[in-house]
Amino acid sequence: MLNGFRVSVAILFVLTCSVAAASGRTGFKQQPSVEQAIDSLIATRTFEEVAISPDGSKVAWSIALLGADKAPSGKYAIYVADLKSPASAPTRVTAGAGGGDYAEHDIAWSPDSARLAFLSDKDKPGQLELYVADAGGGAARKVTNLTGFLSGPQWSPDGGRLAVLFTENAVRTAGPTQPTAADAGVVEEHVYEQRLTVVDLASQGVRQLSPPDLYVYEYDWSPDGRSFAATAAHGSGDDNWFVAQLYTVDAAAGEMKSILKPALQIAEPHFSPDGKQIAFIGGLMSDEGNTGGDIYLIPAAGGAARDLTPGMKASASWLAWQPVSNQILFTELVKGRSGVATLDTSSGKVTTVWTGDETITKESGVSLSVSRDRQTTAIVRHSYTQPPEVWAGTVGAWKQLTKVNEGLRPAWGEAKSLEWTNDNSDVQGWLLYPQNFDPARKYPMVVVVHGGPASQMMPRWGSGLGLPLSLATDGYFLFFPNPRGSYGQGEDFTRANVKDFGHGDLRDIMRGVDEALKVAPVDADRMGITGWSYGGFMTMWTVTQTNRFRAAIAGAGIANWQSYYGENQIDQWMIPYFGASVYDDPAVYAKSAPINFIKNARTPTLVMVGDRDAECPAPQSYEFWHALKTLGVETQLVIYAGEGHAVSQTEHRRDILRRAADWFDQRLK
């Protein structure tokens, strides 16, 4: 389940249902500093991606553009910087002319570093097409004229072809976090498969290579350009990523051969430089795109996969082969931090190159863009102390290239990493101090539980909806635990919540709360809890297990695992965690369902969800709210129209931040 959200602009529609008169407020009385913090977080310039040229001489990035309201407009611009001329201004690369703005992203460098491939909706808003342009600027050439969704272009090693993922006639952006289509009449499942597609640049011929009944998620060209490695599954792309297999694909005939049917999830398939092996990351993962696990190696011709990092006390998140076929460069999530390391595939030796209290490139993981010789890298860096900017250089010695957010300053205090022990396991979390902290005062604290559950909370500029950081501006301590089930401490830790949702992880969290109370002046009688997705479930679960919190906010939560199984559109993710379907073992689902303990609840709880959420459908929020209301517990339900699991409309996002701050202020101050 999702861990973060993206922003665009639209109109607010809220359905509010309340029990107590105090819950019926529609106007919010935040301090000016809180409003400023919300405005600052929403107006932060974010980067869709960064890509360094193969020769390491140039860096390209795609940056979100702001609209007249100073919120992201849904459009992106591509810029290229020459590392050999650091004083020169970046050059804009676009499919348009005359200064128009479009959605332009998904950058891919040609092997000779002279050209950029990218996607743009210049000709028709919302319909991306593939373009090629000289890296130095000039007119871009359109090379496709397709109808549907495109993503992830990659050049062939000889530079003569471009591969891309293409979902023909897709009615919405791919991914389970996007708003689902509304059902009416006879309900049927319409499957739009994402296919590996190859464009010949000389003829501009387009060929869909993979079969029409297979959904391709990721792919990598072989070094000789004759085949691909790909992760793919039959059926619904949103649901079946969790059972995807590893394939090789003949680049001429399109013949696909499954070489691995993994027990768990896989990602990041990459050929070795000699083309004889394929490395990938495997492990228990709860979200497509939020990668964590061990590094595996399998012969490209097929055979047994070998875990190269068993027992590693970290979670690999991205990888690339070094120029030789026995060395891998990878990023890792490690105890709430980002890291870069190398792996010797012969000996299994892992060498840490760099670690930092920050997030690099990805919101839900860590990754790099690397030159061909792996000596120069490019990243987007951000943390609790610095907003996002593009940096480049050798690992750990990066130099800043952009200053688009240089006017922003943290509107919150310092962050400290806390570590504690529970049930014989080490656990880590982050404690963020309030702005203008006074050690002589006692402060309220809000616990923020991350989504996933396979994820990791680490220092970043803005966190999920941005709610935690805006609360720190308003005089709160914020506690971000990484309990069992999280990334960052190896596969055994990530798998420690299997068949045990809500039980062991809540014990970890509450022990962390006790640790926070020891080290900081937190008022134990003024504590709240919140979270979205799995964090929303944990919030619902927590208020049925303890009365230590005076206020709670559950975003896109899960009240009843048994009914949820038949309502959500990604039920395949549940099997590895629960061990069986709900029809085969309903008891394992029932033991973790908040609704089965609802009579214990006393905590005032705000419930929020999108009305078209496919991952955590709105009926789950209705069920929890209805039970609280019936039992006389103060509650409010807010439904956001047209939203999926990833709340995207700017006014909805702003309403969530204001409403949440008001809910906590009224009960914790």
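The values are calculated or read from the model by the stated rules, or taken from the named source; none is laboratory data. This structure is a prediction, so every number in the text was calculated from the model and none was measured. Cβ coordinates were reconstructed from backbone atoms using ideal geometry, including for glycine residues, and neighbour counts include every protein chain displayed.
Kindly evaluate Val324 against the criterion of being part of a strand (DSSP E or B) and over 18 Å from the mean Cα position of the chain (by Cα). In short, no.
Going through (1) in contact with a Pro (Cβ under 8 Å, 6 or more places away or on another chain); (2) assigned to a loop (DSSP other than H, G, I, E, B); (3) hydrophobic (A, V, I, L, M, F, W, C) one by one, Cys616 falls short only on (1).
Considering (1) over 22 Å from Trp221 (Cα atoms); (2) touching an Asp or Glu at 6+ places or on another chain (Cβ under 8 Å), the lone condition that Pro153 does not fulfil carries the number (1). Might you check whether a residue that is touching an Asp or Glu at 6+ places or on another chain (Cβ under 7 Å) and farther than 19 Å from Tyr565 by Cβ occurs anywhere in the stretch 590-599? Looking for residues that are touching an Asp or Glu at 6+ places or on another chain (Cβ under 7 Å) and farther than 19 Å from Tyr565 by Cβ, one finds none in the stretch 590-599, hence no. May I ask you to verify whether Ile558 is among the β-branched types (Val, Ile, Thr), within 26 Å of the chain's Cα centre (by Cα), part of a loop (DSSP other than H, G, I, E, B) and on the phi < 0 side of the Ramachandran plot? Yes: the conditions hold for Ile558. Evaluating Arg484 against the criteria (1) free of Cβ contacts under 8 Å to residues at least 40 places away in the same chain; (2) surrounded by 22 or more Cβ atoms within 10 Å (Cβ to Cβ) leaves one unmet condition, (1). Tyr131: crowded, with 16+ Cβ neighbours inside 10 Å, more than 18 Å from Leu162 (Cα to Cα) and free of Cβ contacts under 8 Å to residues at least 40 places away in the same chain, yes or no? Judged against the criteria, Tyr131 is not a match.
In the set (1) of a type in the set (A, V, I, L, M); (2) assigned to a loop (DSSP other than H, G, I, E, B); (3) surrounded by 19 or more Cβ atoms within 10 Å (Cβ to Cβ), the condition left unmet by Ala163 is number (2).
With respect to Val340, determine if the residue is of a type outside the set (S, T, N, Q), in a loop (DSSP other than H, G, I, E, B), outside the structural domain of Ser417 (by TED's automatic domain parsing) and in contact (Cβ under 8 Å) with a residue 40 or more places away in the chain. In short, no. Consider the stretch 408-423 and keep the residues that are buried (at least 18 other Cβ atoms within 10 Å of the Cβ) and in contact with a Lys or Arg (Cβ under 8 Å, 6 or more places away or on another chain). The one that is farthest from Phe477 (Cα to Cα) is Asn422. The criterion of being under 16 Å from Phe47 (Cα atoms), in contact (Cβ under 8 Å) with a residue 40 or more places away in the chain and of a type outside the set (S, T, N, Q) holds for Gly74. Among the residues of the stretch 149-158, some residue qualifies, meaning at least one is buried (at least 20 other Cβ atoms within 10 Å of the Cβ) and either among the charged types (D, E, K, R) or over 27 Å from the mean Cα position of the chain (by Cα) (or both). Read through the list (1) surrounded by fewer than 15 Cβ atoms within 10 Å (Cβ to Cβ); (2) under 29 Å from the mean Cα position of the chain (by Cα); (3) more than 19 Å from Ser286 (Cβ to Cβ), then give the number of the only condition that Ala580 fails. Among (1) surrounded by fewer than 15 Cβ atoms within 10 Å (Cβ to Cβ); (2) under 29 Å from the mean Cα position of the chain (by Cα); (3) more than 19 Å from Ser286 (Cβ to Cβ), Ala580 violates only (3).
Assess whether Ser425 counts as being in the same structural domain as Ala37 (by TED's automatic domain parsing), of a type in the set (S, T, N, Q) and closer than 26 Å to Ser40 by Cα. Considered against the rule, which asks whether it is in the same structural domain as Ala37 (by TED's automatic domain parsing), of a type in the set (S, T, N, Q) and closer than 26 Å to Ser40 by Cα, Ser425 comes out as no.
The set of residues in the stretch 230-241 that are surrounded by fewer than 20 Cβ atoms within 10 Å (Cβ to Cβ) and either without any contact (Cβ under 8 Å) to a residue 24 or more places away in the chain or closer than 15 Å to Ala263 by Cβ (or both) contains only His234. Where strands (runs of 3 or more DSSP E) fall wholly inside the stretch 166-230, no range has 2 or more residues that are of a type outside the set (A, V, I, L, M, F, W, C) and modelled with pLDDT under 95. Scanning the stretch 307-354 for residues that are buried (at least 21 other Cβ atoms within 10 Å of the Cβ) and acidic (Asp, Glu) gives a single hit, Glu332. Among Gly528, Gly535, which is in contact (Cβ under 8 Å) with a residue 60 or more places away in the chain, within 24 Å of Asn482 (Cβ to Cβ) and touching a Leu at 6+ places or on another chain (Cβ under 7 Å)? Being in contact (Cβ under 8 Å) with a residue 60 or more places away in the chain, within 24 Å of Asn482 (Cβ to Cβ) and touching a Leu at 6+ places or on another chain (Cβ under 7 Å) holds for just one of Gly528, Gly535, which is Gly528. If I filter the stretch 107-128 down to residues being surrounded by 17 or more Cβ atoms within 10 Å (Cβ to Cβ) and basic (Lys, Arg), which single residue comes out as farthest from the chain's Cα centre (by Cα)? Per the criteria, the residue is Arg115. Taking the stretch 390-489 and the strands (runs of 3 or more DSSP E) fully enclosed by it, the elements with 1 or more residues that are farther than 30 Å from Thr376 by Cβ and among the polar types (S, T, N, Q) are at 415-422, 425-432, 477-482.
Among the criteria (1) modelled with pLDDT of 80 or more; (2) touching an Asp or Glu at 6+ places or on another chain (Cβ under 9 Å), the one Ser33 does not fulfil is (1). Summed over the stretch 119-151, residues that are more than 18 Å from Asp82 (Cβ to Cβ), part of a strand (DSSP E or B) and of a type in the set (A, V, I, L, M, F, W, C) total 5. Go through the residues of the stretch 645-655 one by one and say whether even a single one is touching a residue at least 24 places away in the same chain (Cβ under 8 Å), aliphatic (A, V, I, L, M) and either assigned to a helix (DSSP H, G or I) or surrounded by fewer than 22 Cβ atoms within 10 Å (Cβ to Cβ) (or both). Scanning the stretch 645-655, I find no residue that is touching a residue at least 24 places away in the same chain (Cβ under 8 Å), aliphatic (A, V, I, L, M) and either assigned to a helix (DSSP H, G or I) or surrounded by fewer than 22 Cβ atoms within 10 Å (Cβ to Cβ) (or both), so the answer is no. Looking at the stretch 69-82, is at least one residue assigned to a strand (DSSP E or B), surrounded by 17 or more Cβ atoms within 10 Å (Cβ to Cβ) and among the acidic types (Asp, Glu)? Yes, the stretch 69-82 has at least one match. Within the stretch 199-213, the residues that satisfy the criterion of being surrounded by fewer than 22 Cβ atoms within 10 Å (Cβ to Cβ) and in contact with a Leu (Cβ under 9 Å, 6 or more places away or on another chain) are Asp200, Leu201, Val206, Gln208. Condition (residue is in contact (Cβ under 8 Å) with a residue 24 or more places away in the chain, over 23 Å from the mean Cα position of the chain (by Cα) and either in a strand (DSSP E or B) or within 22 Å of Tyr384 (Cα to Cα) (or both)) applied to the stretch 538-549: is it met by at least one residue? No, every residue in the stretch 538-549 fails to be in contact (Cβ under 8 Å) with a residue 24 or more places away in the chain, over 23 Å from the mean Cα position of the chain (by Cα) and either in a strand (DSSP E or B) or within 22 Å of Tyr384 (Cα to Cα) (or both). Of all positions in the stretch 632-640, at least one carries a residue that is among the hydroxyl-bearing types (Ser, Thr, Tyr), crowded, with 24+ Cβ neighbours inside 10 Å and assigned by TED's automatic domain parsing to the domain that holds Gln562. Quick one: how many residues across the stretch 280-321 are among the acidic types (Asp, Glu) and either part of a loop (DSSP other than H, G, I, E, B) or on the phi > 0 side of the Ramachandran plot (or both)? Adding up the residues that qualify gives 2.
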